[in-house]
Amino acid sequence: MTSDWDEIKRLAADFQKAQLSTSLQRLSERNCVEVVSLLIEKGLLEVIFTTDGKEYLTQAHLAQEVKDELFVQGGRVNLVDLAKTLNVDFDRVQRVAEQVVQEDPSVKFVLGQLLDVSYFERVAMEVNEKLAQAGEINVADLTMQYDLPADFILSNIVLKYLNKIIMGKQDASNANIFFTQSYVTRSKAKIRGALAAITKPTPVSAILAQCGIPDRLFNMLVNEVATLGSVTSRSPGAQYIPHIYRKTQVDWVQNFYRQNGYLEHDSVAGLGVTDVKNFITNQLPEAKIIHLKKCSVGEKLIDQVVASLEECLSSNTYLDVSTILPSIMTDEDIDQLLSMVLTAAMQKQTLIFGSTILTTKFVDDIIKPCYGIAEEHAKRSVDSGSYQQYMAEKLMKHQDPMDRDSAVGEGKADKREERRKKAAGGKGGGGTQGRETKTKSTKKHVRGQKGNVSDSDDDMPSGGKKGGKDAVIELITTKEIAKVLEAGLEPEGLEDLSKQLAQHYYPQFSKLALAKAHQLYEISLHQSNQNRRQTHASLQDKLNNLYNDIRLYEKGIKLFPADVQPQLVKYLLKSLGTDFSNEICFYVAAECNLNSNGTTLTVEQRNKIVQECSQEYKSALQALNKAVSSSASIDDFLDVAESALQACSMILKKIDKKKDRNLILCHKHGLLEQLANCSDPALVLHLAVLIIFTICTQSMLHASGRHVSSILSFLQPQLSPEQAQTLTSYHDLVLKLLSAEGSSSNVDDITKQLEDLTPTVKSIASSFKKSGVTSAE
């Protein structure tokens, strides 16, 4: 390698010698190109070609060219312009520039430009001149002027030469702003002069416009110079308030409050105070202030109001608080103040109308006559029937309009069906016919058109609406209440409050009158229902007795031969069945408000009642009348009778065999008692055979005198020959007596014979004993 380098040196010396020799000894340009090309090919020489390819230069020479060009351009050169000037490729120039920056720390490469320290110093001098002229400079403005990044200018120029070339001071709140001390001093003087001349609150923006000072600098210096006032905030809408003005406000507020005990908000706002309530609180920290809508009142005024209220309550009179409160207070302020002052106990004892406070005892003494008026009107409405009409209308209003027309038909039919289901759902029991029902009804039947009324508060006129307008009744008017109040308030000069008080007390007295009317209505309704229930209960017992008698008589009839039974059944239905049907028809006629005169009813009268009665009774009555008229079987009659009882909301008592035996025994004793007191031969015979039948069969029998012969025929096997002979003879004599009533001689004889046999017949009946005959059971 050393030999090669020595050879290069030798060749270079020869080359230089040839260049300095005469033309005969110099190398031609072509030879030079060949020599250089050879060196380049062998890697012994590194050169950089120009963009046109006509020239080439070394790396070191290019670096020197760049430095020279940087100096010539004043310390700042653009690489693009530098590549064009040197006629070298841009990439080569950029690499050389980066190499120069690495070798020389004073040279900076920024945004494709080379900058050296001479340029920095020159810029620093220009910045210092500008700062001296303007007093303030912003790095952002320098960025636009020199086309360099703000951070680069700040760190490499401004801060580097601060207090060296650039004579200024950096802003503590904004690092990009610099100013001179003389500028700060001048600004302070301007601010101090402007603030000293202000005597009222002034917007900061007006001060800045007048002084020509930036708001940032004003906010920085105002605390140092604003010894005579203060700035409300640092916002654009801030105000400067001089201390003299604030002192005037405070003095006025304190003096006015000390003298009057209150402060009007509008008056305080007229002093220039924006937040009035906070200002009052801050200036009167020890006072207990209550802020109202239009004013603020102090503890002294509140104590005065409280004392007046306590005196008013103790004396049971009234108080007009407007006489002790400032005239500037509105009704809303008075209401707000009273709501704070009045305790819960005071509120219960007072009535407030505007600024007038009335104690309840004071008003109660005046309004006492209204209680009598309300009760009188309530009694009058019940006596006249208007309250009953109101209740009926209310009940109708509470029905659905679509169902109202069908309420009488479908509704009652559903109720009847429900009653039947309930009756059929009773406990099961014994008995040959199984007609057992519930022992207690759970359905409260609504009789007639009046209905039952609840005791709840829903009976008042404030009930809910279900269709159309609700029923309304007015038992006492506001005019009547106002008239009473006016008479009591007029001596006090408060008659203007009579209408307001009447409106206040109207709901109370209206409710009182309605409650009293409802109470009287309930009493009358209770009495009516009680009478109706008693009648209903007695009729129910009577019908149950008839039903049981017919059922027991049926057992006796069934012991007779089949040819005799129809006659006995017909007689039983014509007598007891008709009685049962008449009682049911009388009840239905009363429930439906139908005319039913007399104590008995004919078939036509019963049919008329059936046609005119309500739908819920009609079908049951029709079947009952048909069973009585057609002399149907006893079972059929008992079935329709049970349906009729259910339709009338009556309860059919269940069968009790023990009670049946007691009834038969009582029936026998009743017959024996009648027999003992009887002297008519025909009736004696009739009672005797019925008693013997009852003893023999342990069954009851309901039969007429014409059935005596059939009964005697049935009893023949049960009688001794002597008893049978006696009864047969007595029967024949009775028949003769009845047929020989026209002949006096025969009648006397027959009567004599009957009188002789009557004790014997009575003895047979009263002493008869059962012997080997199967009972109806």
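The values are calculated or read from the model by the stated rules, or taken from the named source; none is laboratory data. None of these values were measured; they are calculated from a predicted model. Note that each Cβ is placed from the backbone with ideal geometry, even for glycine, and that neighbours are counted across all protein chains shown. Just so you know, the surface numbers come from the protein's heavy atoms only, side chains and all, with ligands and any DNA or RNA stripped out. Shrake-Rupley method; radii C 1.70, N 1.55, O 1.52, S 1.80 Å.
Using the structure shown, decide if Ile523 is assigned to a helix (DSSP H, G or I) and either surrounded by 19 or more Cβ atoms within 10 Å (Cβ to Cβ) or at pLDDT 75 or above (or both).
Yes.
Among Thr350, Thr281, Thr330, Thr343, which is under 30 Å from Thr202 (Cα atoms) and of a type outside the set (A, V, I, L, M)?
That would be Thr281, the only listed residue that is under 30 Å from Thr202 (Cα atoms) and of a type outside the set (A, V, I, L, M).
Check every one of the helices (runs of 4 or more DSSP H) wholly within segment 192-298 and list those with 3 or more residues that are hydroxyl-bearing (Ser, Thr, Tyr) and modelled with pLDDT of 70 or more.
The helices (runs of 4 or more DSSP H) meeting that bar are 243-260.
Ala620 - would you say it is open to solvent by less than 60 Å² (accessible area, probe 1.4 Å) and under 16 Å from Ala641 (Cβ atoms)?
yes
Take segment 606-631 and flag every residue that is more than 20 Å from Tyr547 (Cβ to Cβ) and among the basic types (Lys, Arg).
Lys608, Lys618
Can you confirm whether Ser314 is hydroxyl-bearing (Ser, Thr, Tyr) and free of Cβ contacts under 8 Å to residues at least 12 places away in the same chain?
So Ser314 passes the test.
Scan segment 335-356 and report the pairs whose first residue is of a type in the set (Phe, Trp, Tyr) and whose second residue is part of a helix (DSSP H, G or I) and open to solvent by 70 Å² or more (accessible area, probe 1.4 Å), with Cβ atoms within less than 6 Å and a gap of 6+ or a chain change.
Phe353/Gln500
Tally up the residues in segment 362-392 that are over 12 Å from Tyr521 (Cα atoms) and loosely packed, with under 14 Cβ neighbours inside 10 Å, please.
Residues in segment 362-392 being over 12 Å from Tyr521 (Cα atoms) and loosely packed, with under 14 Cβ neighbours inside 10 Å: 4 in total.
Out of segment 547-562, which residues are aliphatic (A, V, I, L, M) and surrounded by fewer than 18 Cβ atoms within 10 Å (Cβ to Cβ)?
Once the filter is applied, which keeps residues that are aliphatic (A, V, I, L, M) and surrounded by fewer than 18 Cβ atoms within 10 Å (Cβ to Cβ), segment 547-562 yields only Ala562.
Taking segment 588-613 only, how many residues are open to solvent by 20 Å² or more (accessible area, probe 1.4 Å) and modelled with pLDDT of 80 or more? First the steps, then the outcome.
So the first thing to find is which residues in segment 588-613 are open to solvent by 20 Å² or more (accessible area, probe 1.4 Å), and the list is 590, 592-600, 602-605, 607-608, 611-612.
In the following step, the residues that additionally are modelled with pLDDT of 80 or more were identified as 602-605, 607-608, 611-612.
Residues that pass the stated criteria total 8.
Mind checking whether some residue in segment 16-35 is open to solvent by less than 50 Å² (accessible area, probe 1.4 Å), touching a strand residue (DSSP E or B) at 6+ places or on another chain (Cβ under 8 Å) and modelled with pLDDT of 65 or more?
Keep residues of segment 16-35 that are open to solvent by less than 50 Å² (accessible area, probe 1.4 Å), which gives 18, 21, 32.
Okay, now just the ones that are also touching a strand residue (DSSP E or B) at 6+ places or on another chain (Cβ under 8 Å), so none.
No, that holds for no residue.
Picking from Asp303, Asp275, which residue would you name as being open to solvent by less than 80 Å² (accessible area, probe 1.4 Å) and acidic (Asp, Glu)?
Asp275
Could you pull out every one of the helices (runs of 4 or more DSSP H) wholly within segment 106-163 that has 2 or more residues that are open to solvent by 40 Å² or more (accessible area, probe 1.4 Å), in contact (Cβ under 8 Å) with a residue 12 or more places away in the chain and under 29 Å from Gln94 (Cα atoms)?
Hits in segment 106-163: 117-134.
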